[in-house]
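So the structure is just underneath, and the comments pick up after that.
Rule-based calculations on the coordinates, nothing more; no lab input. Note that the coordinates shown come from a computational prediction; the quantities given were computed from them, not determined experimentally. With ideal geometry, Cβ positions are generated from the backbone for all residues, glycine too; neighbour counts draw on all protein chains shown.
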Amino acid sequence: MPGWSIRCWQPVAVLAITFAVPALAADKGNTRFWNLTGETITYLSLAPAGTTKWSPDQCRNDPDGSVDFDERLRITGVSSGRYDAKFTDRTGRSCTVTGIDIKAGGVFSIGKESLEHCAKP
């Protein structure tokens, strides 16, 4: 804009950074599931490996209640460790995948290659 000096823009830049950095940092601390199954997942629960202490449905953390293929989902109530995952996809297929390494604040995925032993609808 004509007549605006760098001093006029400096406070605007500081405000933008002030609001952007906490939002990015908050997102970085969230554990995420990356759906690489090729299908939309409608139910996902996690349990410490070898147990039946299943978490609530993690798909509830998504606004539409499902995780589309190639979408990432915020995971809650899970710390670092080895987990089993059970899920159902939109086709009705149910599956349990065992021994997934999850790191708090990281991203883990389930891909098509993990679905050999899934129950078909």
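Data overview
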read-out: Loop sites in region 50-121: trypsin sites (Lys or Arg not before Pro), DSSP, at most 15 other Cβ within 10 Å; value: Lys53, Arg90, Lys103
read-out: Region 30-114: relative contact order in percent, alpha carbon pairs under 8 Å with at least 6 residues between; value: 40
read-out: Global form of region 30-114, assessed from the alpha-carbon gyration tensor, a/c cut-off 1.5; value: rounded
read-out: Nitroxide proxy distance, nm - points 7 Å out along Cα→Cβ at Lys53 and Leu115; value: 3.0
